[in-house]
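Working notes for the structure below.
The numbers here are math on the coordinates, done by the rules we state, and not lab data. Note that the structure is predicted; figures quoted are calculated from it, not measured. Note that each Cβ is placed from the backbone with ideal geometry, even for glycine, and that neighbours are counted across all protein chains shown.
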Amino acid sequence: GAVVSQHPSWVICKSGTSVKIECRSLDFQATTMFWYRQFPKQSLMLMATSNEGSKATYEQGVEKDKFLINHASLTLSTLTVTSAHPEDSSFYICSASSGLYDEQYFGPGTRLTVT
Amino acid sequence: GENVEQHPSTLSVQEGDSAVIKCTYSDSASNYFPWYKQELGKRPQLIIDIRSNVGEKKDQRIAVTLNKTAKHFSLHITETQPEDSAVYFCAASPTGFQKLVFGTGTRLLVSP
């Protein structure tokens, strides 16, 4: 149980374009989803927290107009990187929590490369 | 906000030795402390966690200890094996927020 999927697993896009990443909880209802970014050989940095049906809460320094997060249902959250630039190239990982015992279940990650 | 420090950044041990990774946190209200193992290009995998009402937890070769007074917690791996080689992250969860603040990671290398 507690499986989280992400799609796509990797994506290459051109500078200036937008890319959407999906995060799904497959066998449980995720009241809260989290989006992390991980640069090579670095730790996971929380970008934002989203609760179903409400606006995401962004961490300090994360541009909310650039990283659009939508948590439209209890099983799906999306992250859209708008007007991507090479410095946005990173490993994006989502996690989901049912809100009961704090444990977060991580997705497999999406490697974004902006050329 | 919460800040988590992790040491060492790299750790090399011989197979069969023990490995210890230490983390300190700043927010005394944090109440949940998970440890994750991450292999290259993969998702973090929860290996053990501890809550603030417990001082120690063990699962086979892995144990975690928590000292709330000193605000630090440690991961202990005994009888290490080459397949334990990976990057290990500690994390702390500020009360009521669910979000996790991660440490900087420890690259563990277990040599045969």
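Under 20 Å from a label point 7 Å along Cα→Cβ of residue B:111: give me every residue in the stretch B:70-89 with its amide N that close.
Correct set: B:77-88.
Have a look at B:19, B:29, B:92 and report the one farthest towards the positive end of the charge dipole of chain B, computed about the Cα centre with Cβ charges (Lys/Arg +1, Asp/Glu -1).
It is B:29, whose Cα lies furthest towards the positive end.
Magnitude of the Cβ-charge dipole of chain B, K/R +1 and D/E -1, about the Cα centre, nearest 20 debye?
Details: 12 positive and 12 negative charges, 67 e Å.
Computed charge dipole of chain B: roughly 320 debye.
Rounded to two decimal places and with Rh computed the Kirkwood way over Cα pairs, what is Rg over Rh for the stretch A:38-108?
Numbers: Rg = 12.6 Å, Rh = 13.3 Å.
In the stretch A:38-108, Rg relative to Rh is 0.95.
What number, in percent, do you get for the relative contact order of chain A if the mean sequence gap of Cα pairs under 8 Å and at least 6 apart is divided by its residue count?
Numbers: 296 pairs, mean separation 42.5, N = 115.
RCO, chain A: 37 percent.
Hey, can you rank A:3-9, B:57-63 by average C-beta count inside 10 Å, highest first?
Ranking the peptides A:3-9, B:57-63 by packing returns A:3-9, B:57-63.
Based only on Cα atoms, what Rg/Rh ratio does chain B have, Rh being taken as Kirkwood's radius?
Values: Rg = 13.4 Å, Rh = 14.0 Å.
Using only Cα positions, Rg/Rh for chain B is 0.96.
Roughly how big is the stretch A:1-83's charge dipole about its Cα centre, with Cβ charges of +1 (Lys, Arg) and -1 (Asp, Glu), in debye to the nearest 20?
Working: 8 positive and 6 negative charges, 54 e Å.
My answer is approximately 260 debye.
Which loop GluC sites (Glu not before Pro) in the stretch A:21-114, with loop taken from DSSP, have no more than 11 other Cβ atoms within 10 angstrom of their Cβ?
A:63
Which whole-angstrom value gives the distance between the alpha carbon centres of the stretch B:4-77 and the stretch A:1-37?
Cα centroid of the stretch B:4-77 versus Cα centroid of the stretch A:1-37: 27 Å apart.
Only Lys, Arg, Asp and Glu count, each charged at its Cβ (+1, +1, -1, -1), so figure out the dipole size of the stretch A:47-88 about its Cα centre, rounded to 20 debye.
140
Using a Gaussian network model of chain B whose springs link C-alpha atoms within less than 10 Å, name the residue from B:83, B:15, B:56 with the highest mean-square fluctuation.
B:83
Which cysteines in the protein assembly as shown lack any other cysteine whose Cβ sits under 4.7 Å from their own Cβ?
Lone cysteines by the Cβ rule: A:13.
Rounded to the nearest angstrom and ordered from largest down, what semi-axes does the equivalent ellipsoid of the protein assembly as shown get from its C-alpha gyration tensor (root of 5λ)?
30, 20, 16
Reachable lysines from residue B:57, Cα under 30 Å, same-chain residues fewer than 8 places away excluded?
Leaving aside lysines fewer than 8 places away in the same chain, those within reach of residue B:57 are A:41, B:22, B:37, B:42, B:68, B:71, B:99.
How many Cβ atoms of partner chains, on average, are near each residue of A:104-110 if near means within 10 Å of its Cβ?
Per residue, the average neighbour count from other chains is 4.
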